[in-house]
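Coordinate-derived values only; no laboratory data. As the structure is a computational prediction, the values presented were derived from the model and not from experiment. FYI the Cβ positions are ideal-geometry reconstructions off the backbone, even for glycines, and counts take in every protein chain you see.
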Amino acid sequence: MFIKKLSCVLIILAAGVAPFLVAAPTVTANAGMFADRVEASALLQPAASPPVSDPIFPIFVNPSYEYSPVIAYNSVHNEYLVVWESVLPGNVHKIYARRIASDGRQLISFTVSSNANNQMNPSVAYDPTHDRYLVVFVYDLNGDASNWDVHGRFIPWSGPSASLLDFSICNFSSNQGHPVTVFASTQQEFLVVWVNFQTSVASYISARRVWADGSGFPYSPFVVSSGTENRDYPDVAYNPSRNEYLVVWDVVKTGSAVDIYGIRLSGEGTPLTGGTPSVTGEFSIAGWSAIEEKPAVAACAQADQFLVAWQSDQSKGDYAIYARYLSGTAALGNVYQIVDTTSDQFNADMTCGPGGRYLVVWQDEYTTGEFGVWGRLASPSESFDDEFLICGPHQNADREYPAVNGGSISYLVAWEHDIDGGASADIYGRLLRHTIYMPLIRR
Ligand SMILES: [Ca+2]
Ligand SMILES: [Ca+2]
Ligand SMILES: [Ca+2]
Ligand SMILES: [Ca+2]
């Protein structure tokens, strides 16, 4: 058995934010058959403690190219909805979904959009009041890629309804991309956040509130963040303990590569205070000279807290995953290195799941160049379990772009699963359960 200690790193924050220390979690790793991840002195396989017990299973297998999975958890029926983008022959892009039972059984799959033109970039959230999902995506309005819009469709828990068709959420004449959505229980609304790509101005972040009962919108789209630098890759979390949102995104900066910013919004979309020192409106979350990009955010309501994860090149050529705690008022907390090896870690996703703990997942490069999917549990108290393998690669076959959501007793992780050779990909998944050891009761 090898004991690997990740090195302790001191990072000084950008101007205007206080310095802090990056803690160095200890990782225990065992030698074994999953011995291909890049590491000079340690061979990694799943540690003993993580909640990996169920097998890897196919969610959707098709000759087409399936990618960009996202997941919502249905708390009423204790099942998941996995949504992804398929590229069919003729470069036709469609959004598909499959219900997955809490025991991993495949339930029905279906086409999400009721319209014909190309669709991309899905996101999904669940509304337990109406027992249905909102799936959002970008839609090629004219069929010639000249004007992508943000569309959505309410999907009842059991599958799509002919009486609930696609509707437009943003029809700006510019292109929209990368929409994300979250359900707000107190508001009985969804918040949808996306990027506007215009030729005349830097890309900027907008949002729109959507009434969950399907009766429309409280208000027009509003700007979340704009400026002279390009903004992209928004994510959003809802904190039901305050009826507030945290929206995060990255900004291509001059001199510091890419940084992570965020803003706390009231349930009505009003900018609140955040950051350290506290300001009203947007604030820096990760502003070092390295690349910090593609943030993911989750809220743990019981702890009245957020965790934001991102990928960083650390100015040394290979990427790692970091995360920062924020209080319910979006005051900046400690930053932690979630994982690093001498190779790349990319594309973190995160949820706050069973037992009120965060699960961070990412793709991790092996010595042979392929990627596998790994995860790590983080507590609101800032303690961490060992990182663990969720799905290793196969020869010439990556497992990439993992998504995660948490149910009542389990998490579901789904990812792009290359068919050998990487010529195509399917969607695969794995349930992660917390093992609860009950005392043996004797009669
Ligand atoms: Ca548009
Ligand atoms: Ca930076
Ligand atoms: Ca690395
Ligand atoms: Ca496929």
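In a DSSP loop and with at most 13 other Cβ atoms within 10 Å, the GluC sites (Glu not before Pro) in the stretch 236-327 are Glu268.
Taking R0 as 45 Å, what FRET efficiency do you get between Ser220 and Asn91 from their Cβ-Cβ distance, rounded to the nearest 0.05? Before the final figure, lay out the partial values.
Values: r = 33 Å, r/R0 = 0.74.
Step by step, r from the Cβ atoms, then E = 0.85.
Computed from the C-beta positions of Asp304 and Asp54, the FRET efficiency with R₀ = 41 Å rounds to 0.85.
Applying a DSSP loop filter and a limit of 14 other Cβ atoms within 10 Å to the trypsin sites (Lys or Arg not before Pro) in the stretch 68-110 leaves Arg105.
Here the Debye sum runs over all C-alpha atoms of the chain as equal scatterers in vacuum, and log10 of I(q)/I(0) at q = 0.07, 0.09, 0.11, 0.14 Å⁻¹ comes out as -0.32, -0.54, -0.83, -1.41.
The alpha carbon centroids of the stretch 297-355 and the stretch 217-234 are separated by 23 Å. Couplings 3J(HN,Hα) of the stretch 238-251, computed from phi: 10, 9, x, 5, 10, 6, 9, 10, 10, 9, 10, 6, 10, 10 Hz, in residue order, whole Hz [Karplus 6.51 cos²θ - 1.76 cosθ + 1.60, θ = phi - 60°; x for Gly and Pro].
Using only the alpha carbons of the stretch 83-148, what is the convex hull's orientation-averaged projected area in square nanometres? Write out the running numbers ahead of the final one.
Values: hull surface 21.6 nm².
About 5.4 nm², averaged over all directions.
Across the chain, the relative contact order, built from alpha-carbon pairs under 8 Å that are at least six residues apart, equals 14 percent.
Please report the orientation-averaged projected area of the stretch 66-228, defined via the convex hull of its C-alpha atoms, in nm². Before the final figure, lay out each step's value.
On the way: hull surface 39.8 nm².
One quarter of the hull surface, i.e. the mean projection, equals 9.9 nm².
Of all the stretches in the chain, which is the longest one without any exposed loop site, taking chymotrypsin sites (Phe, Trp or Tyr not before Pro) in a DSSP loop (any state but H, G, I, E, B) with at most 13 other Cβ atoms within 10 Å? Display every interim value, and only then the final one.
Details: sites that count: Tyr219, Tyr437.
Value returned for the longest uninterrupted segment is 1-218.
Between Thr228 and Thr111, the C-beta separation translates, for a Förster distance of 41 Å, into a calculated FRET efficiency of about 0.50.
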